[in-house]
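Q: This structure is in structure tokens; I'll ask about it shortly.
Where a number appears in this text, it was derived from the coordinates with a stated rule and is not lab data. Every value quoted in this text rests on a predicted model; they were computed, and no experiment measured them. Neighbour counts are summed over all protein chains in view; Cβ atoms, including those assigned to glycine, are modelled from backbone coordinates with ideal geometry.
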Amino acid sequence: QVQLVESGGGLVQAGGSLRLSCAASGRSFSSYAMGWFRQAPGKEREFVAGISRGGYSTRYSDSVKGRFTISRDNAKRTVYLQMASLKPGDTAVYYCAAAGLIASITSPDYWGQGTQVTVSS
């Protein structure tokens with residue numbers, strides 16, 4: 001089992017940047033692929049970014065590619081989402097997620113509680 005706690009959300013102007021963090025507790029953090037999802041009011045939760053267990057491979061949705069960067073520090077048991085050039089359409093609750101050895105990060109096993117990101121225009 002792994003517990004995930006997001007932080008770093010808040011208000012930002014369009015074009016600005018935010019850095020989200022997800023702190024994990026539990027056993028063998030490095031055995032989990034990690035990722036970020038987001039959900040805006042009235043919309044389905046969508047995949048944003050994922051990173052492999054060793055941190056050597058990343059994947060992004062088309063809507064954030066080139067603007068967001070996911071990274072992880074296995075020693076600190078933390079995954080990050082650096083968000084740049086933010087747009088009002090990025091406004092959502094952002095969720096950290098973890099996938100075990102069998103699962104794909106697009107269908108994670110564990111979720112954090114979410115952190116609100118609001119981008120004003």
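Q: Taking the Cα of Thr58, stepping 7 Å toward and past its beta carbon, and measuring to each backbone N in the stretch 1-17: which are under 17 Å?
A: 17
Q: In nm, give the distance between the simple-model label positions of Glu44 and Thr69, each being 7 Å from the Cα along the Cα-to-Cβ direction.
A: About 3.1 nm, to one decimal.
Q: Oh, and also: State, as an integer percentage, the relative contact order of the chain based on alpha-carbon contacts under 8 Å between residues 6 or more apart.
A: 35
Q: Please give every one of the aspartates and glutamates within straight-line cross-link reach of Lys65, meaning a C-alpha to C-alpha distance under 18 Å, and leave out same-chain neighbours fewer than 8 residues apart.
A: Answer for Lys65, where 18 Å is the Cα cut-off: Glu46, Asp90, listed by chain and number.
Q: Dipole of the chain (Lys/Arg Cβ +1, Asp/Glu Cβ -1, origin at the Cα centre): which of Gly42, Ser120, Gly55 lies farthest to the positive side?
A: It is Gly55, whose Cα lies furthest towards the positive end.
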